[in-house]
Amino acid sequence: MKRTILTTILCLAVFSVNALLTDWQNLTNKNRVWRIIHDENSLYVGTIGGGIVKIDKKTGEQTVLNRADGSMTDNTIQDMSIHDGALWVGTGYNGLAKLADGNIEKFDMRNAGFLNNQHISGFYFENDGTMLIGGIAYLYQFDGNQVTAIYDINPLSPYNYVNSIKTDSKGRIWVGCYDALNRATLCTFTPQGLVPVSHPYRSINRLENGPDGCLWMASEKGLIKYDGSDFTAYTPDNSDLPESTLYDLMADGDGNLWMVSNNYLTKFDGSHFESYPYPSHSDEDFLMCVDVDGNDVYVGSRSQGLFRLTANGLKNIPLIDNKLIDNSFTLSTGSLDRNGVFYGATLNGLQTYNLETDEATLTPMSQTAQTETDVDGDVWVRWHWFSPDTCLMEITPTTTNVYLKSDYPFSDIDMTQIKFDQHNRLWLATNKGIYCRDEEIWTVYNQDNSGLSFNHVTCLAIDGKDRVWCGTHGGGLFLFDGNNWTQYTTNNTPLPSDYVGYIAVDNDNVVWLNCRDPRYPDDYGLNYGFGLTRFDGTSWTTYNHSNSPIPSDCLYDIKIDANNTKWLATAGDVGLVSFNGSDWHTYNVDNSGIALNEVTRITLDAKRDLIWLTHYTGSGLSVAKLNCLLSGDVNGDGRVNVSDVTTLVNMILGVTPMNKDRADLDGNGKVNVSDITILINIILGII
């Protein structure tokens with residue numbers, strides 16, 4: 001019997017170590033609607049960060065196409081078009097997608113010859129079956145499988161991308177571009193390449209064929225008509241057009257032009273403008289796109305989702321699966337409070353999300369940079385250095401405590417990271433040393449009063465012995481044991497660089513860190529770092545893309561789970577990486593339900609056996625089952641100790657809700673006294 005139990009536990013342990021992430025979810029907001037198209041049966045609503053919402057026009061039923069279930073290659077949609085029964089999708093980060101007959105194909109840099117995977121927009125289908133496709137800096141000719149020709153639009157205008165391609169009544173192909181520098185933004189496509197057409201109307205956001213045979217443009221300086229030789233501009237100064245900046249334009253079957261601006265949907269019949277106000281509730285909100293489907297006119301907005309024009313004005317159509325309020329998480333954000341509620345700083349404030357209740361909140365706060373949870377489960381928020389007054393905030397179940405820059409010791413420092421030790425002392429990494437708060441007492445360590453001989457501290461980690469490890473911006477790695485300081489640099493150790501970007505300490509007090517390239521210490525990219533370095537107190541080992549399967553040498557974040565598996569948020573659009581000491585695994589958009597390859601923060605949820613991932617700004621959250629429960633870790637806190645016995649007894653007595661996945665240690669389908677015996681033996685090391 002004892003051998004059977006031991007075998008079961010060993011099998012569970014092996015499973016935990018080698019288990020892969022499963023049950024992916026993409027948690028996003030779908031109210032930023034960038035493009036709308038339709039076919040005979042469906043309306044397709046393309047969002048920024050939330051994938052595509054497909055709406056059945058007869059029943060109104062909504063279906064979401066996103067990364068989590070593999071029904072879409074990217075959740076950021078730049079453009080869509082339907083041709084020969086196939087839905088073609090230009091994405092923000094993952095190339096071109098084609099959906100046909102229930103199958104999805106992806107065309108990108110690796111398999112189709114695109115020079116980058118970003119901002120694919122603007123489709124034109126030629127008679128011979130080939131396509132013209134726009135992207136950042138280039139226009140592509142595409143035969144349905146491969147890029148056959150590439151046209152560089154950079155010489156015409158730097159920082160340019162194609163956003164619309166149309167033909168006029170004479171068969172000429174026109175390419176409209178957006179340009180950050182407002183240079184040449186309109187050109188014709190010829191067999192010899194792109195020919196710029198001079199005009200004074202700044203960026204062209206959309207092209208359309210008018211019923212009069214002319215080319216019409218939605219520009220940043222009004223509605224523009226081009227008859228092949230002359231431009232005519234309709235602006236608020238010379239017409240009833242209510243606003244000059246137009247974002248989208250479409251012709252209906254009756255010869256009318258429909259366009260959207262910040263606050264209006266406008267119809268132009270060739271002589272008169274008729275406008276319908278957008279019920280916006282924010283200066284940051286505006287209309288972004290329009291689609292005309294027979295008698296139905298739809299518009300998409302930046303913050304409120306989808307609207308349809310009715311006799312009473314624009315009416316909102318709620319989109320399903322709206323989990324978040326804001327997708328734009330900042331780089332160092334992501335933590336869980338004592339109840340498992342996620343806290344994240346976004347560009348628009350502090351956002352919370354409760355996975356169990358599906359409730360989300362957004363509290364407007366500017367310049368929030370980091371969220372961190374202390375030992376008691378309270379959440380702390382760190383502000384950017386350029387915040388005019390606030391620098392820290394502590395959120396407890398009953399109070400919110402705000403720390404101002406005018407309070408000691410925050411008057412003139414730039415905080416780069418906050419951490420808590422086992423005694424719940426707060427440690428601050430700053431550009432002027434390290435600050436420690438113990439109860440209400442502050443202690444400062446810097447090059448003037450301690451062995452910390454370099455003030456610019458970038459990151460911190462605290463090991464199981466309460467020793468503080470400090471990474472610096474040019475001074476190497478420091479260890480503080482409470483009394484003495486030790487410095488590790490490239491001069492006295494194999495440390496790859498004296499610029500340390502991130503540190504983590506595992507369950508055996510082994511230090512793992514990412515060193516940055518001195519030439520680009522503050523930038524993120526595949527080659528802007530020196531991989532993953534391991535230091536056990538004696539020996540050093542560095543894993544990089546040349547000597548290991550790690551796909552990037554630059555890391556945003558390092559987290560270590562209860563099984564001592566290292567989780568790495570890599571830079572360079574290559575995905576999330578796990579390393580258990582021998583095996584490497586990369587989770588990316590090709591082999592998992594991750595929302596985006598660029599992961600910027602990892603949050604481990606041991607109690608719920610989940611991993612939370614924040615992504616590059618605008619892509620929301622990914623959540624997956626970690627499959628990391630330790631045998632005997634009944635309460636799910638990442639440790640096996642006496643408290644697990646108490647939890648198990650309470651489960652048996654009915655005091656605590658039963659969780660068989662954690663409590664049935666002998667695998668017999670029941671939770672009883674025998675499981676308590678096994679747990680005690682695990683703690684004592686007998687089995």
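Every number in this text was worked out from the coordinates using simple rules, so none of it is lab data. For clarity, every value in this text was computed on a predicted model and none was experimentally measured. Quick reminder, even Gly has a Cβ in these numbers, built from the backbone with ideal geometry, and neighbours come from all protein chains shown.
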Legend entry - Dipole magnitude of region 323-412 about its Cα centre (Cβ charges: Lys, Arg +1; Asp, Glu -1), debye to nearest 20: 240
Inset, instruction - Set Lys and Arg Cβ to +1 and Asp and Glu Cβ to -1, take the dipole of region 323-412 about its Cα centre, and tell me which of P397, S366, W380 lies farthest positive. - result: S366
Legend entry - Theoretical gain in end-to-end length, K607 to I317 [0.36 nm per residue, Cα-Cα removed]: 100.7 nm
Legend entry - Within the chain: Cβ-based charge dipole about Cα centre, in debye rounded to nearest 20 (Lys, Arg +1; Asp, Glu -1): 880
Legend entry - Net charge contributed by nearby residues that have their C-beta within less than 9 Å of C289 (K/R +1, D/E -1): 0
Legend entry - Helical mean residue ellipticity (222 nm; -39500 (n - 2.57) per DSSP H run of 4+; nearest 500) of the chain: -2000 deg cm²/dmol
Legend entry - Prolate/oblate/rounded label for the chain (Cα gyration tensor, a/c 1.5): prolate
Inset, instruction - Starting from the amide H of D463, placed 1.01 Å from N in the peptide plane, find each other amide H under 5 Å away whose residue is 5 or more places distant or on another chain. - result: W469
Legend entry - Greater than 32 Å apart at Cα, pairs in K106/K315; K315/K607; K98/K625: K106/K315; K315/K607
Inset, instruction - May I ask you to derive the FRET efficiency for N591 and E40 from their Cβ-Cβ distance with R0 = 25 Å, giving the value to the nearest 0.05? - result: 0.10
Inset, instruction - Please give the helix 642-653 orientation as an angle from the longest Cα principal axis of the chain, in degrees from 0 to 90, rounded to the nearest 10. - result: 70
Inset, instruction - Give the angle, between 0 and 90 degrees and rounded to the nearest 10, that separates the Cα long axis of helix 673-684 from the longest principal axis of the Cα atoms of the chain. - result: 80
Legend entry - Cβ-defined net charge surrounding G228, 12 Å radius [Lys, Arg +1; Asp, Glu -1]: -1
Inset, instruction - When a/c is below 1.5 the answer is rounded, else prolate if a/b is larger than b/c, else oblate, so apply that to region 323-412 with a ≥ b ≥ c taken from the square roots of the Cα gyration tensor eigenvalues. - result: oblate
Legend entry - Calculated FRET efficiency for the pair D522/I683, C-beta based, R₀ 45 Å, to 0.05: 0.45
Legend entry - Pair T538, T398: separation of 7 Å Cα→Cβ label points (nm): 5.0
Inset, instruction - Would you mind classifying region 177-259 by shape? Square roots of the alpha carbon gyration tensor eigenvalues, ordered a ≥ b ≥ c; an a/c under 1.5 is rounded, otherwise it is prolate if a/b is larger than b/c and oblate if not. - result: oblate
Legend entry - Chain lengthening between S282 and D230 when straightened (0.36 nm per residue, less Cα-Cα): 14.9 nm
Legend entry - Degrees separating the helix 2-18 axis from the principal Cα axis of the chain, which is the longest one: 40
Inset, instruction - Between E356 and D389, take the C-beta separation as r, use R0 = 41 Å, and let me know the FRET efficiency to the nearest 0.05. - result: 0.70
Legend entry - Approximate spin-label separation N491-N103, in nm, with each point projected 7 Å along Cα-to-Cβ: 6.3
Inset, instruction - In whole Hz, with x marking every Gly and Pro, tabulate ³J(HN,Hα) for region 478-493 from phi via Karplus 6.51 cos²θ - 1.76 cosθ + 1.60, θ = phi - 60°. - result: 10, 10, 10, 9, x, 10, 10, 10, 10, 10, 10, 10, 5, 7, 10, 8
Legend entry - Charge dipole (debye, nearest 20) of region 260-308; +1 at Cβ of Lys and Arg, -1 at Cβ of Asp and Glu: 20
Legend entry - Net charge contributed by nearby residues that have their C-beta within less than 15 Å of L355 (K/R +1, D/E -1): -3
